[in-house]
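These notes concern the structure reproduced below.
The values are calculated or read from the model by the stated rules, or taken from the named source; none is laboratory data. The model shown is predicted, which means the values in this text are computed figures rather than measured ones. Heads up, the Cβs are rebuilt from the backbone with ideal geometry, glycines too, and the neighbour counts pull from every protein chain shown.
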């Protein structure tokens, strides 16, 4: 069985009814995801390959901090939008019942993943480590592959024509500067 087949069987629309309970589940999922992919994996990457990179001090502090703060802010806004309007969480076992197309999702189709990657790339700047850079490249490529080959086909299957129209209007990763 393919990875997509396994994951498709694991994706279930949420049955949770209250926004507060959805928020609690989203926060639990977020904390676990954050702990693994934005703390443990970068830390391990830096320990395994601590080769320093040279980034000017301005990048290491201000730009890295900005990436972190903006990424976390977008992430929180996305969790709120999923809970209130999608009636679900980012967790595949408790997926949104409704197609989410407002808030950050009206700018790009994958703002949760983009926000997480922004935090990880901020860590690359801050830690200035080859290990963290290689981790960021690998996780970015993995995220893109997961979106293209798992998430998008599953959403097409669940939401049909409305998802197709959404894909036509909203870019996957890079916001449009000018309207269509």
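Looking across the stretch 95-114, the residues that are closer than 19 Å to residue 25 by Cα and out of contact with any strand residue (DSSP E or B) (no Cβ under 8 Å at 6 or more places or on another chain) come down to 98, 99, 100, 111, 112, 113.
Scanning the stretch 37-58 for residues that are farther than 25 Å from residue 75 by Cβ and part of a helix (DSSP H, G or I) yields 47, 48, 57.
The set of residues in the stretch 141-175 being part of a helix (DSSP H, G or I), within 19 Å of the chain's Cα centre (by Cα) and crowded, with 16+ Cβ neighbours inside 10 Å consists of 143, 146, 147, 150, 151, 152, 154, 155, 163, 166. If you go through the stretch 25-76 and keep only what is surrounded by fewer than 16 Cβ atoms within 10 Å (Cβ to Cβ) and in contact with a strand residue (DSSP E or B) (Cβ under 8 Å, 6 or more places away or on another chain), you end up with 49, 50, 51, 52, 53. On the basis of being at negative phi, at pLDDT below 85 and surrounded by 14 or more Cβ atoms within 10 Å (Cβ to Cβ), does residue 6 make the cut? No. Restricting attention to the stretch 77-96, the residues that are assigned to a helix (DSSP H, G or I) and either buried (at least 17 other Cβ atoms within 10 Å of the Cβ) or at pLDDT below 80 (or both) add up to 11.
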